[in-house]
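Undergrad: One structure, pasted below without further comment.
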Protein chains: 2
Amino acid sequence: MISRKPLKRVTMNEVAREANVSPAVAARALGGYGYVSETKRTQVEAAAARLGYRPNMIAKSMVTGRTRTIGIIGADISNPFFAGAVKGIADESRRHGFDTLLTNSDENTEIERDALRVLLAKRVDGLVVSPADVNDCDHLREAVQQGTPLVMLDRIAAGIQADSVVIDNVEASRRAIAGLITGGHRRIAMVTELGTQSDRKLLNQLDKPESADVTTLNTSGARLLGYLVAHRQAGLSPDPALIRPTDAYASASARQCTLELMALESPPTSIFTGDSVMTLGAFAAIQHLGISLPDQLAFMGFDDMDWMGLVKPSLSALRQPVYAMGAAAIELLMARLASPERPSEHRVFEVESILRDSTRNAWCCHN
Amino acid sequence: MISRKPLKRVTMNEVAREANVSPAVAARALGGYGYVSETKRTQVEAAAARLGYRPNMIAKSMVTGRTRTIGIIGADISNPFFAGAVKGIADESRRHGFDTLLTNSDENTEIERDALRVLLAKRVDGLVVSPADVNDCDHLREAVQQGTPLVMLDRIAAGIQADSVVIDNVEASRRAIAGLITGGHRRIAMVTELGTQSDRKLLNQLDKPESADVTTLNTSGARLLGYLVAHRQAGLSPDPALIRPTDAYASASARQCTLELMALESPPTSIFTGDSVMTLGAFAAIQHLGISLPDQLAFMGFDDMDWMGLVKPSLSALRQPVYAMGAAAIELLMARLASPERPSEHRVFEVESILRDSTRNAWCCHN
DNA sequence: TAGCGTTGTGATAGCGCTATCACATTTATT
DNA sequence: AATAAATGTGATAGCGCTATCACAACGCTA
């Protein structure tokens, strides 16, 4: 039960009275607009300080229609990818005089819809969203249509007229796998979450990746597609037993999947993980089994973390410039706020291959 | 340049007209309060849906004086400690129907002051703050006095009438060091950031920790104090050469400090780090030098991370229940919103010692 | 029939500001 | 000196809602 009496705060009118000027003058002095004489400005400022006046953004937003606030809908702040991106978003927003309202969707479209409703009710000036499912985005489309600019981060939902900041997941993954294939690997396992229906559909068409519609795939689906394409291009047919979708408790599940993979009659000679959480679990399994990398198993994962250079052997990874991507999202948003009619822009960032010991002699640059 | 025309949005009045009811009825139907007949409620809801009506929280806050928003001032979201805490804060807030406005202080009091000003202007209903410097908190005190409830997380600023959620840094650190001493170590190094003046003052009184004023110490100062107390209690005099304050670029600096420590004529037999960022840098140095843990050097650090169990050898650490601490901060805030006059509550969480290979045979439980 | 509570509806003040007038005064230009 | 422009001030509408009235219509009891 919330107490009902909102506390009485000092208002501009009281400051005006204290300073013996009209409310209009006080407003101009405090708000920094229009004409005010130096004398009165000082009077007003002194009065404001004396009374402990705090401007009320709510009231200001009420009349201006702007809040100088950006809403963020991310999957999970405790995931390092988002933590880094959120930092970039927050810093860059601040630089432009905007604040950030943060929400978590937990990769759940229902929660996302809810979060969106709240952010729109709060009248944020713009949104940065990582859609939980790119195939279920009517709510996002409606927000854009009603006039709230939106930038998609990490994932692009088809059919939404909005800017985006992404990497080319298919190509990054394809290149990584192609490298392993060129390095001589033929049994490459992939451990990844496959949270959505459309991503899982890929499992039924392992040999015809070209028939998949990229625009309906989420991040991990796209990474799996890259895996399939690399195989296809090399004339190889992927073994379904080596593709392991994990379930919800991601890290633990990745560990379990990896244990099972290595227990196969014909285990993989190399393993590729869909993100850093998968990498954590898979590597835990590898340690547990005492498997030696890269001789017995080559290892490469999506998303680079500091610690990957410190484990033995060190782990190769595909690095996304997360902070820069977050900052870029805000740049695009600011550009759109300035000119709402500009054509939508899609910023594709480069993925860097960080080659460490876990792929030594196992990976060859492909192109 | 921001475009100036705020876009025209559907208001309650328009919904009322569309539904052929008075604005008051529409307000009650949409706001879910007071009497409305079933018939009219349905009419209004239909009209709202038809027009794509979105409630305006700003206007509502204007009259109610509440925003259902919690402001967070944290040091750095990309630091795993805060990322975890922020998750706890956000989740728990959401459970209570509150949203979170996130800001970063970068451990800088100036930025913190700024962030506070903005959050108060936005009329947040409450604050969760990790003060950058517990000795420079007049701005926080004023906020509390003006009536915005505030919970301090991770650090307590003296003389502020507010709730707090912390761990006992002195005791946790003292116990860890005492364990190393009992384990036979006499030359224990400490690598930690010492960002504030008051923390650095400790360096001038290594042998009389009891003369330090705990309430003026920040997190890392308190941890250093624990280190000193443990030595004192064991009748040992700490070697100043083994206490290494790092500077700004934390991880790299910790690496450098560790390299220098190990190059000493008489190097430490054990090393203790002030947080996970320090641990990362220190461990990188240890790997670089090829030092074997725990034989050549016992290792223990503050803050546990997933990867610490995966490096070779695995690293011992003091684990804080970060998520729970974030959630607890919101619990306290909600309790205070419900009864503003309740006495302030200080929640002290337990620190768990995660003993792994890096302290094998080097650490003995002390009490 | 009068008197009462219950249920539903409408009118409207006002939250704290900004923006826009109208107007007063000073300074510059012809 | 007359006019125009620049500079400063005050009054006030209104942003979209909620909360508070006043009141009407209805069924109930006495």
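Undergrad: Which of the helices (runs of 4 or more DSSP H) contained wholly in the stretch B:189-268 include at least 1 residues that are within 14 Å of chain A (Cβ to nearest Cβ)?
TA: In the stretch B:189-268, the matching helices (runs of 4 or more DSSP H) lie at B:250-262.
Undergrad: Any idea how many residues of the stretch B:293-344 are more than 13 Å from chain A (Cβ to nearest Cβ), in a helix (DSSP H, G or I) and under 30 Å from A:P313 (Cα atoms)?
TA: 0
Undergrad: A follow-up question, please. In this structure, does B:N135 turn out to be within 27 Å of B:D247 (Cβ to Cβ) and either modelled with pLDDT of 95 or more or touching a helix residue (DSSP H, G or I) at 6+ places or on another chain (Cβ under 8 Å) (or both)?
TA: So B:N135 fits the description; yes.
Undergrad: Would you be able to say whether some residue in the stretch B:72-79 is at pLDDT 95 or above and within 9 Å of chain A (Cβ to nearest Cβ)?
TA: Among the residues of the stretch B:72-79, at least one is at pLDDT 95 or above and within 9 Å of chain A (Cβ to nearest Cβ), which makes the answer yes.
Undergrad: Name the residue that is nearest to DNA strand C (Cβ to nearest atom), counting only residues in the stretch A:41-64 that are surrounded by 18 or more Cβ atoms within 10 Å (Cβ to Cβ) and β-branched (V, I, T).
TA: A:I58
Undergrad: For the stretch B:223-238, does any single residue satisfy the condition of being under 26 Å from the mean Cα position of the chain (by Cα), assigned by TED's automatic domain parsing to the domain that holds B:Q205 and touching a residue at least 60 places away in the same chain (Cβ under 8 Å)?
TA: Checking the stretch B:223-238: at least one residue is under 26 Å from the mean Cα position of the chain (by Cα), assigned by TED's automatic domain parsing to the domain that holds B:Q205 and touching a residue at least 60 places away in the same chain (Cβ under 8 Å).
Undergrad: Could you list, in sequence order, the residues of the stretch B:88-124 that are in contact with a Phe, Trp or Tyr (Cβ under 9 Å, 6 or more places away or on another chain) and surrounded by fewer than 22 Cβ atoms within 10 Å (Cβ to Cβ)?
TA: B:D91
Undergrad: Follow-up question, since we're still on this one. Looking only at the stretch A:125-157, filter to residues that are among the charged types (D, E, K, R) and more than 10 Å from chain B (Cβ to nearest Cβ); which one of those is surrounded by the most Cβ atoms within 10 Å (Cβ to Cβ)?
TA: Per the criteria, the residue is A:D154.
Undergrad: From B:I89, B:I77, B:I70, which residue is in contact with an Asp or Glu (Cβ under 9 Å, 6 or more places away or on another chain) and either closer than 23 Å to A:I77 by Cβ or not assigned by TED's automatic domain parsing to the domain that holds B:A329 (or both)?
TA: Only one candidate passes the filter, namely B:I70.
Undergrad: Can you spot a residue in the stretch A:282-303 that is buried (at least 20 other Cβ atoms within 10 Å of the Cβ), more than 22 Å from A:R174 (Cα to Cα) and out of contact with any Ser or Thr (no Cβ under 7 Å at 6 or more places or on another chain)?
TA: Scanning the stretch A:282-303 turns up at least one residue that is buried (at least 20 other Cβ atoms within 10 Å of the Cβ), more than 22 Å from A:R174 (Cα to Cα) and out of contact with any Ser or Thr (no Cβ under 7 Å at 6 or more places or on another chain).
Here's the yes/no breakdown for (1) among the hydrophobic types (A, V, I, L, M, F, W, C); (2) modelled with pLDDT under 95:
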residue: B:L318; (1), (2): yes, no
residue: B:Y323; (1), (2): no, no
residue: B:A327; (1), (2): yes, no
residue: B:E331; (1), (2): no, no
residue: B:E345; (1), (2): no, no
residue: B:E350; (1), (2): no, no
residue: B:S353; (1), (2): no, no
residue: B:S358; (1), (2): no, no
residue: B:H366; (1), (2): no, yes
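Undergrad: In the stretch A:56-77, what residues are over 29 Å from the mean Cα position of the chain (by Cα) and in contact (Cβ under 8 Å) with a residue 40 or more places away in the chain?
TA: Residue satisfying the conditions is A:N56 alone.
Undergrad: Looking at A:N20, is it more than 14 Å from chain B (Cβ to nearest Cβ), near DNA strand C (Cβ under 9 Å from one of its atoms) and of a type outside the set (G, A, S)?
TA: No; evaluated as a whole, the condition is false for this residue.
The values are calculated or read from the model by the stated rules, or taken from the named source; none is laboratory data. Small disclaimer: the values here were computed from a predicted structure and weren't measured. Positions of Cβ are backbone-derived with ideal geometry, glycine not excepted, and every protein chain shown enters the neighbour counts.
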